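Peer 1: Please find one structure pasted underneath; my questions will follow.
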Amino acid sequence: MTQVNDDLGALVGYQLKEVQSALRSRMDETLRPLGLTTPQYVCLELLSRTPGASNAELARGAFVTRQTMNTLLRGLQERGLIERATRAPSGRALPTMLTPEGQGLLGQAVERTHQIEARLVSRLTDDQRRDLHTALAACIDGLRD
């Protein structure tokens, strides 16, 4: 007979959620002075890596719905951080690009978020960091199969 463990902290999924929650809190805290939320930062980061990405692509990458991404993009556009085409080159997707202002703000945000990530793994050795990346990738693959 299997023994039930009442300690939620022993469950991998619970620990991952706790790490995610703590990381999100730190990210929001460090990005707030820049006037950014974590999803806005992720959107800017994605656009820096994939200029011209569509709303749907950005939503998938930021783990939000297309409707949420549309609202987020409107806010970033109103602030002059992104530009969206008025007409789709093909289909219905409107490509989105960072403006110079958006690139500048992203640079500041990246510095801050790298500090948070360094803090996140600060108690791990280099080998443990590599093992963590490998283990997390295997967990993702396991759930996507």
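The values are calculated or read from the model by the stated rules, or taken from the named source; none is laboratory data. The structure displayed is predicted, hence computed values, not measured ones. Cβ placement follows ideal geometry from the backbone for every residue including glycine, while neighbour counts extend to all protein chains displayed.
Peer 1: Taking the range 30-52 on its own, how many of its residues are part of a loop (DSSP other than H, G, I, E, B) and surrounded by fewer than 20 Cβ atoms within 10 Å (Cβ to Cβ)?
Peer 2: Taking the range 30-52 and keeping what is part of a loop (DSSP other than H, G, I, E, B), we get 35-37, 50-52.
Cutting the leftovers down to surrounded by fewer than 20 Cβ atoms within 10 Å (Cβ to Cβ) gives us 35, 37, 50-52.
Total meeting the criteria: 5.
Peer 1: From the list 68, 50, pick out the single residue that is touching an Asp or Glu at 6+ places or on another chain (Cβ under 8 Å) and either in contact (Cβ under 8 Å) with a residue 24 or more places away in the chain or of a type in the set (S, T, N, Q) (or both).
Peer 2: Residue meeting the stated conditions: 50.
Peer 1: For the range 34-52, what are the residues that are within 15 Å of residue 79 (Cα to Cα) and over 13 Å from the mean Cα position of the chain (by Cα)?
Peer 2: 34, 35 - these are the residues of the range 34-52 that are within 15 Å of residue 79 (Cα to Cα) and over 13 Å from the mean Cα position of the chain (by Cα).
Peer 1: Scanning the range 52-75 for residues that are in contact with a Leu (Cβ under 6 Å, 6 or more places away or on another chain) and not small (Gly, Ala, Ser), which turns out farthest from residue 40 (Cα to Cα)?
Peer 2: 58
Peer 1: Report every pair of residues separated by at least 6 positions or lying on different chains whose Cβ atoms are under 7 Å apart, first residue within the range 110-138 and farther than 18 Å from residue 29 by Cα, second of a type in the set (Val, Ile, Thr) and part of a helix (DSSP H, G or I).
Peer 2: Note: no pairs meet the criteria.
Peer 1: Another question about this same structure. Identify all residues within the range 58-75 that are β-branched (Val, Ile, Thr) and touching a helix residue (DSSP H, G or I) at 6+ places or on another chain (Cβ under 9 Å); write none if there are none.
Peer 2: 64, 65, 68
Peer 1: I'm told residue 55 meets every condition in (1) over 13 Å from the mean Cα position of the chain (by Cα); (2) modelled with pLDDT of 95 or more; (3) polar (S, T, N, Q) except one. Can you identify the failing condition by its number?
Peer 2: The number of the failed condition is (2).
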